[in-house]
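Any read-out appearing in this document is the output of simple, stated calculations on the displayed coordinates, not a laboratory observation. Since we're looking at a predicted model, the values are computed, not measured. Please note: Cβ atoms are built from the backbone with ideal geometry, for glycine as well, and neighbour counts cover all protein chains shown.
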């Protein structure tokens, strides 16, 4: 049974199940891609088979059961291998389980510390080539540990022994130590574990072998007996080990393997029934090894070539049928990559724009097209899509968060998704592209904490009426038909409206009259300023300032009068009646201006002493009366215009 452990999913998550093809699917559009025997692809295929055989998943367990430790079980022999040569800790434990009691036993418990459980990405148990069922469990007396119950294929009879192999992958269990190093330093990491296999049963004898990437070891704990030879450390054999025995194991060693973590991976699969499937992966990669101390020196990097922990390039494997491959980032295409076409795969040697040191990250996209006949099967209108949830990114990959989006053709219905392990399925959405009307359905799933063992196929079943294949060609035909009809109508029909000279003349006269009214308002404000200047002169007695101000104001009045006269000439072209009214307006304004000029002269003489106050009063009375008459006449004429 295989387990994957990022977290407990909501009830809406897909449950694992075996995926039979629907009846009649014997006519594939293309034969499915065969996992062949090349080294890496072969390994991935084996991992996929292991994962599919194990149908239960930790985050798929609906409720945790409580179990008790069976005191009649005895571990006759335990051989544990811990591989810490890369960033993922791989632990394989071979157990010889003996039933020392009087009754048959159908299951046993596997124990983990809480730290191991939190970082557990993959768990699998096998016996005699058969994958065993696993389920999460708890033991009331040992709440500080985590347990999984392994269901044996056949009940273990009293006095009998069964061999079981348990495999698990742990992430983030290796600590860079020191956490910060200089550019030319080697990377040292520290692994903390247990010299003994954590188990609720007594072990007659047990041995632990730790595999290292190199013979360079700074220090390691030395619980006797132990031995260090080249790239391995062996602890044990230890005899008569009690249940839940613990003795701290510490190994401080050199590990310059790439500590790359994919913090976010978005995988978009766009399915076309015209023979193509487009795949694009948007990837954020973070170097989670020891961080770089100080600044980066490109000169030292090129000269010394001894930056051990930095990552200059890494290899990605994509399907052998991939074509139109691209590798780019926000700037554009990254031309330093190389592609090697092999018999069963395409190997991409990806080289980022800069080397990755601890704490550094990069963002890039990989895309390619594959023929649909290798992944899409059909029987009539029923289709089955089988593709990988996660594909190979680089060796010993760790993915924090994976988002997979499958874009199906427009018109698809009756969608059913089946996955080899639980995932969280988001709400379906719609995607619009060329010639779409109602949108293409988008199936979105997410999962956290993935490793190479998650490279397995999902199965997506749906119904697509074959008649809808004609939708896009018909849309193109209709679009061109509408275009041609529009051009014909535009060329052959005269849609010009006839002109109405009378209406246009009225509109012009109306516009000119509005402009006359506006300019007369400006002229009236100038007359108000003249009145203000008269009052100032009576107080200040400054004749020079008065003459300067009135000269400027009178010039503005003459300018506005000229504009009105020009507008009157334009109105005469369309309407003589209104033009005559403008002439009358101008005459009335001329009379008003003459009266105003005479009044200015009288005030000036009064201030200069050339006229007595009585003479001024005698002259002012008739002038004021004339001004009122002119203003009333101007008002009447404007209301008529």
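With an a/c value of 1.5 or above and a/b not larger than b/c for the gyration tensor axes a ≥ b ≥ c computed over the alpha-carbon atoms, region 96-158 is described as oblate.
Between rounded, prolate and oblate, where does region 434-550 land on the alpha carbon gyration tensor, with a ≥ b ≥ c its root eigenvalues, rounded for a/c under 1.5, else prolate if a/b exceeds b/c? It is oblate, given that a/c is not under 1.5 and a/b is not larger than b/c.
Each 5 Å bin from 0 upward holds the following percent of the Cα-Cα pairs of region 499-543: 5, 19, 13, 11, 11, 9, 8, 7, 5, 5, 3, 3, 1.
So if we plug the beta-carbon distance of residue 614 and residue 577 into 1/(1 + (r/R0)^6) with R0 = 60 Å, what FRET efficiency do we get, rounded to 0.05?
After rounding, the FRET efficiency stands at 0.80.
In this simple spin-label approximation, residue 436 and residue 625 carry label points 7 Å from Cα along the Cα→Cβ vector, and these lie 8.9 nm apart.
Taking every alpha-carbon pair under 8 Å whose residues sit at least 6 apart, region 55-254 reaches a relative contact order of 25 percent. Exposure proxy ranking for 638, 120, based on other Cβ atoms within 10 angstrom of each Cβ and starting from the fewest, stands as 638, 120. Ranking of 474, 592 by neighbouring Cβ atoms within 10 Å, starting from the fewest: 474, 592. Between the beta carbons of residue 500 and residue 353, assuming R0 = 56 Å, the FRET efficiency works out to 0.20 to the nearest 0.05.
Here the gap between residue 272 and residue 363, fully extended at 0.36 nm per residue and compared with their Cα-Cα distance, gives a gain of 30.0 nm. With percent of Cα pairs over 44 Å apart defined as stated, name the option among [x] 50; [y] 60; [z] 41 computed from the structure displayed. Of the listed options [x] 50; [y] 60; [z] 41, [x] comes from this structure.
Label positions at residue 139 and residue 491, each projected 7 Å from the Cα along the C-beta direction, are separated by 9.0 nm.
Entry note, the chain: relative contact order of 13 percent, from Cα contacts under 8 Å with a spacing of 6+ residues. With 0.36 nm allotted per residue and the present C-alpha distance subtracted, the residue 601-residue 118 stretch has 163.5 nm of extension available. Fully extending the segment from residue 413 to residue 230 would add 59.9 nm, taking 0.36 nm per residue of separation and subtracting the current Cα-Cα distance. Kirkwood radius for region 501-640, taken over all pairs of different Cα atoms as the inverse mean of 1/r, rounds to 16.5 Å. Axis angle, to the nearest 10 degrees, between helix 39-53 and the longest C-alpha principal axis of the chain: 80 degrees.
Neighbour counts of other C-beta atoms within 10 Å: give me 565, 96 arranged from fewest to most.
Ordered by Cβ neighbours within 10 Å, fewest first: 565, 96.
Principal-axis analysis of the Cα atoms of the chain puts helix 576-608 at an angle of about 70° to the longest axis. Taking label points 7 Å from Cα along the Cα-to-Cβ direction, residue 558 and residue 165 give a separation of 11.4 nm. Taking the longest Cα principal axis of the chain as reference, the axis of helix 471-492 is set at about 10 degrees. In this calculation the C-beta distance from residue 315 to residue 293 is compared with R0 = 30 Å, giving a FRET efficiency of 0.60.
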